[in-house]
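Colleague: If you scroll down you'll find the structure; I have some questions about it.
Please treat every number below as a calculation from the coordinates, not as lab data. None of the values given here were measured: they were computed from a predicted structure. Using ideal geometry, Cβ is built from the backbone for each residue, glycine included, and neighbour counts are taken over all protein chains shown.
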Amino acid sequence: MPIPSPTWLRRLERLAEVLMIALTAFWTYWGAFEMYHEGWWGAWTYRLPYLAPIALTLGPNLLAFRWPRLGGALIAAVGLFAILMFHNAVAVIGLAVVLLGLVFVAAGRARAAADASAAPVPATGWHRRGRYALALGLPALIFLIASAMRLPVVLSRVDDGNRGARRIEGEDLALIWAPAGPGWSWLQDWGGYPAWQDLALYGFPPVGLVDKPGYDPPAGSDAPKGYATDADMARYQLCHYLDAEGLQLLDAPQGIWRMPTVDELARSLVRHGQTAGCRWQGELREPMDCRVEPDKESPLWATDQPAIYYWAAESYVRRDDFGEVIDTQRAYYVSFNGVVNVASKRGGNPRNGYRCVREP
């Protein structure tokens with residue numbers, strides 16, 4: 001393989017160094033704020049996945065400064081892992097990381113060809129100290145800023161430990177919220193919570209969190225999957241099958257409990273045991289109007305559980321410019337910090353929970 005011009009290769013190597021430093025800074029920003037947002041619950045080990053991308057870019061990058069062939073190979077391996085594991089923007093970033101790793105490898109080969117001992121070329125100025133200082137200092141600064149902003153909040157959270165049914169006096173609203181059990185973020189064997197679709201179709205025959213004929217095609221079939229509607233939610237939802245105490249699911253609907261609406265979730269958000277004074281005006285992906293910023297606190301939330309979102313009862317309906325419905329496959333959910341968003345009705349993960357309600 002011909003070795004590129006050393007001058008151009010050195011320039012490419014400097015560019016790769018800058019881009020890898022920027023990538024590490026980006027993952028530090030994402031990892032730190034996401035750790036405090038959704039990873040701050042339970043054992044400290046649950047926070048490690050949010051820090052892993054930082055280590056996976058910072059470590060090989062520092063190695064590449066000293067041993068470009070070794071560090072470049074590790075960088076390329078990290079990028080290849082991202083390509084194989086993800087099929088979204090992360091995979092695109094992974095491809096870029098692979099290319100950056102190959103630049104380091106090529107620079108190391110060129111250096112070895114020029115010097116049979118493969119000893120690193122002495123560097124001065126920026127190349128000697130600046131790149132290490134920036135590679136370590138910038139992520140550290142970002143992490144410190146994120147911690148200064150969010151750590152006092154998560155450490156001051158209120159949790160009275162009461163997992164029973166709770167009456168919450170919200171913003172001009174009072175509801176009873178279900179106790180721990182199938183009516184409150186019922187964790188499944190696969191490690192997550194039921195999706196909106198599962199909650200909506202619980203009572204559709206056969207009763208339970210199982211595949212539903214007409215909605216779930218048989219295995220191997222090319223038939224499209226069906227999506228539950230608001231009418232399905234109103235008729236078949238899991239909450240209707242809770243007993244009066246909210247502790248167990250019965251064989252027939254009881255009609256005592258129900259899924260809360262977006263408005264009810266918004267007006268029930270809390271901070272330090274009091275209503276946060278939130279009202280939803282229809283905005284998505286941005287904080288709603290609240291007197292104080294709500295947080296993941298009792299009596300509405302459990303700080304030792306992964307759920308930071310609650311599904312609402314309503315579907316999200318998107319229409320085209322002519323008023324025709326073009327999307328009914330998503331539903332609303334509300335975050336503990338007062339943000340409303342939408343997700344696939346069939347989506348389910350350890351952070352999308354739910355909680356049934358009833359009138360006082």
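Colleague: Taking the chain as a Gaussian network, Cα atoms linked when under 10 Å apart, which of N88, N341, N349 shows the biggest mean-square fluctuation?
Modeller: N88
Colleague: Something else about it: Give me the percent of Cα-Cα pairs in region 6-155 that sit more than 29 Å apart, rounded to a whole number.
Modeller: Counting every Cα pair in region 6-155, those more than 29 Å apart make up 24 percent.
Colleague: Which whole-Hz ³J(HN,Hα) couplings does region 170-178 yield from phi under the Karplus relation 6.51 cos²θ - 1.76 cosθ + 1.60, θ = phi - 60°, glycine and proline marked x?
Modeller: Values per residue, Gly and Pro as x: x, 7, 6, 7, 9, 9, 9, 9, 4 Hz.
Colleague: Principal axis extents for region 41-83, Cα atoms only, whole Å, descending order, please.
Modeller: Taking max minus min along each principal axis of the Cα atoms, region 41-83 gives 40, 23, 9 Å.
Colleague: Under a straight-distance cross-link criterion of Cα-Cα below 18 Å, which aspartates and glutamates are reachable from K212, leaving out those fewer than 8 residues away in the same chain?
Modeller: D198, D222, D230, D232, D251
Colleague: Which chymotrypsin sites (Phe, Trp or Tyr not before Pro) does region 257-360 hold that lie in a coil by DSSP with at most 14 other beta carbons within 10 Å?
Modeller: Here the chymotrypsin sites (Phe, Trp or Tyr not before Pro) that fit, given the DSSP loop and packing criteria, are F322.
Colleague: Listing I75, I21, I176 from the residue with the fewest other Cβ atoms within 10 Å to the one with the most, what is the order?
Modeller: Least to most surrounded, the residues fall as I176, I21, I75.
Colleague: Counting only residues 5 or more places away or on other chains, whose amide H sits under 5 Å from the amide H of Y309 once H atoms are built in the peptide plane?
Modeller: Here G353 satisfy the definition.
Colleague: Angle between the Cα long axis of helix 89-114 and the longest principal axis of the chain, 0 to 90 degrees, nearest 10?
Modeller: Between helix and principal axis, roughly 10 degrees.
Colleague: Could I ask something else about it? Starting at the first residue of region 207-217, write each ³J(HN,Hα) from the Karplus equation 6.51 cos²θ - 1.76 cosθ + 1.60 with θ = phi - 60°, in whole Hz, x for Gly and Pro.
Modeller: Along region 207-217, the couplings run 5, x, 8, 9, 4, 10, x, x, 10, 10, x Hz.
Colleague: Take the alpha-carbon centre of region 326-343, take the same for region 301-319, and report the distance between them in whole Å.
Modeller: Cα centres, region 326-343 to region 301-319: 7 Å.
Colleague: Could you give the semi-axes, largest first, of the ellipsoid that matches the chain, computed as the square roots of 5 times the alpha carbon gyration tensor eigenvalues and rounded to whole Å?
Modeller: In descending order the semi-axes read 49, 25, 17 Å.
Colleague: Could you compute Rg(Cα) / (2.2 N^0.38 Å) for region 166-358, with N its residue count?
Modeller: Compared with the compact-globule rule of thumb, region 166-358 sits at 1.02.
Colleague: So how tilted is helix 68-85 from the main axis of the chain? Cα-based, degrees 0 to 90, rounded to 10.
Modeller: For helix 68-85, the angle is close to 20 degrees.
Colleague: Given only helices, namely DSSP H runs of n ≥ 4 each adding -39500 (n - 2.57), what is the per-residue ellipticity at 222 nm of the chain, to the nearest 500 deg cm²/dmol?
Modeller: Estimated from H runs of four or more residues: -13000 deg cm²/dmol.
Colleague: Please list the three semi-axes, largest first and in whole Å, of the ellipsoid equivalent to region 1-71, using sqrt of 5 times the eigenvalues of its alpha carbon gyration tensor.
Modeller: Working through the eigenvalues yields semi-axes of 34, 12, 7 Å.
Colleague: Could you tell me how many degrees, from 0 to 90 and to the nearest 10, lie between the Cα long axis of helix 130-155 and the main elongation axis, the longest principal axis, of the Cα atoms of the chain?
Modeller: Helix 130-155 sits roughly 20 degrees off the main axis of the chain.
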